[in-house]
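Let me begin by presenting the structure, written as structure tokens, before commenting on it.
The values are calculated or read from the model by the stated rules, or taken from the named source; none is laboratory data. Since the model is a prediction, treat every value here as computed from it, not as a measurement. Heads up, the Cβs are rebuilt from the backbone with ideal geometry, glycines too, and the neighbour counts pull from every protein chain shown.
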């Protein structure tokens, strides 16, 4: 049981470390910052930030991740693969 608690603590620590990472990319007047947990933190086109677009993209990404999680669960998850 202790090993499971230790593994959960390590997983949580890893999750937090990944969330804190931010990748910045800029090309053709578009600048974007994405966190390690795949959330858009900043988006600008020709220097103009668009928070409505950021929110819409993040909501779409969340729905996509939820759908993928459901499909994985329906197909038995990762059990048997590891």
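Data overview
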{"item": "Filter pass, residue 4 being part of a helix (DSSP H, G or I), exposed (fewer than 10 other Cβ atoms within 10 Å of the Cβ) and modelled with pLDDT under 90", "result": "yes"}
{"item": "Residue check, residue 39 surrounded by 11 or more Cβ atoms within 10 Å (Cβ to Cβ), under 18 Å from residue 65 (Cβ atoms), without any contact (Cβ under 8 Å) to a residue 40 or more places away in the chain and in contact with a helix residue (DSSP H, G or I) (Cβ under 7 Å, 6 or more places away or on another chain)", "result": "yes"}
{"item": "Of the criteria (1) surrounded by fewer than 10 Cβ atoms within 10 Å (Cβ to Cβ); (2) in a helix (DSSP H, G or I), which one residue 70 fails", "result": "(1)"}
{"item": "Residue in the range 19-36 that is modelled with the lowest pLDDT, counting only those that are surrounded by 12 or more Cβ atoms within 10 Å (Cβ to Cβ) and under 21 Å from residue 62 (Cα atoms)", "result": "19"}
{"item": "Residue match in the range 52-64 (condition: surrounded by 10 or more Cβ atoms within 10 Å (Cβ to Cβ) and either in a strand (DSSP E or B) or more than 20 Å from the chain's Cα centre (by Cα) (or both))", "result": "no"}
{"item": "Filtered residues of the range 7-34 (kept if out of contact with any strand residue (DSSP E or B) (no Cβ under 8 Å at 6 or more places or on another chain), within 22 Å of residue 53 (Cα to Cα) and not in a strand (DSSP E or B))", "result": "28"}
